[in-house]
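Notes for the one structure printed next.
The values are calculated or read from the model by the stated rules, or taken from the named source; none is laboratory data. Model, not experiment: these values are computed from the prediction. Quick reminder, even Gly has a Cβ in these numbers, built from the backbone with ideal geometry, and neighbours come from all protein chains shown.
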Amino acid sequence: MPETASALQSVFSRPLVLVAAAVGMVLAGTLALWAHYGTAVFYEPACDDCWKRRHSEMSARNSRILLIAAAFLAGLALCFGVVLIVAGRLSSPVAQIAAIGGPFKLTDQNGKVVTEQDLKGLPFLVFFGFTHCPDVCPTTLFEVSEVMRALGPDAERARALFITVDPERDTPAVMKDYLSSFDPHLSGLTGDPAEIAAVAKAYRVYFKKVPLDEGGYTMDHTAIVYLMDKTGRFVSPFNLKRPIEAAAGDLRRYL
């Protein structure tokens, strides 16, 4: 996940730099004014002249104090403004990073059209793979099946999706035969290449057809299980490398 780490680093580094620069400007401006006017402002020489001269000197000193105060307040206002701008922009990159998921229209292993609307009100897991996958996909689907079984009756209130990245070979009939070895709460989704490309893009999934030396091909793809909440919003990658009961308990929290 180097892209995500890099994006997060840029999100959090720029605001700190801007705030630090603003604070630095406030301090530098105040110190510069202090250096220029400080002695004149706070040193009151003895005065034996008339009241008018004393009044004039006091007025000048008060003016300088007001000037320093105004400069300091202006610096604080600038700093506060920068903080507000940064706070307003801070959510934007984070939202972009977390913008995983979205509308889709695919076909399940029974030939039924499925959209994101069919999942409203249900937390669900999403995994992208293909039926000819030698090890990662069957292992992941087995672990997801174990989580669904551990939910017991609560499994009716959740879903798990297996979306193919190989629509050329993974027809609904092939998906149905493949998923017969796993928990029945697992739905296999396929579609035409454009539909698969669209949903993969929405979930930030990489996939690529890789020719084999002996002929045929395999698929290189992202192997992350996504946890989505009841509204279809991305929560986090779902960790299957822990005790099944712990994973099931984590999913149960979103029921």
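Quick notes
One line per residue, one yes/no per condition, for (1) at pLDDT 95 or above; (2) in contact with a Phe, Trp or Tyr (Cβ under 6 Å, 6 or more places away or on another chain); (3) surrounded by fewer than 17 Cβ atoms within 10 Å (Cβ to Cβ); (4) assigned by TED's automatic domain parsing to the domain that holds ASP135:
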position	(1), (2), (3), (4)
ALA202	yes, no, yes, yes
VAL205	yes, yes, no, yes
LYS208	yes, no, yes, yes
GLU214	no, no, yes, yes
LEU227	yes, yes, no, yes
SER236	yes, no, yes, yes
LEU240	yes, no, no, yes
ALA248	yes, no, no, yes
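- Subset of the stretch 147-199 (residues that are acidic (Asp, Glu) and either under 15 Å from LEU106 (Cα atoms) or under 31 Å from the mean Cα position of the chain (by Cα) (or both)): ASP154, GLU156, ASP166, GLU168, ASP170, ASP183, ASP192, GLU195
- Residue within the stretch 179-189 that is in contact with a Lys or Arg (Cβ under 9 Å, 6 or more places away or on another chain) and either exposed (fewer than 14 other Cβ atoms within 10 Å of the Cβ) or hydrophobic (A, V, I, L, M, F, W, C) (or both) present: yes
- Subset of the stretch 108-146 (residues that are of a type in the set (Asp, Glu) and either more than 24 Å from the chain's Cα centre (by Cα) or closer than 16 Å to SER180 by Cα (or both)): ASP108, ASP118, ASP135, GLU143, GLU146
- Neighbours by Cβ (under 8 Å, 6+ apart or cross-chain): first from the stretch 93-106, under 13 Å from LEU161 (Cα atoms) and at pLDDT below 85; second β-branched (Val, Ile, Thr) and crowded, with 18+ Cβ neighbours inside 10 Å: none
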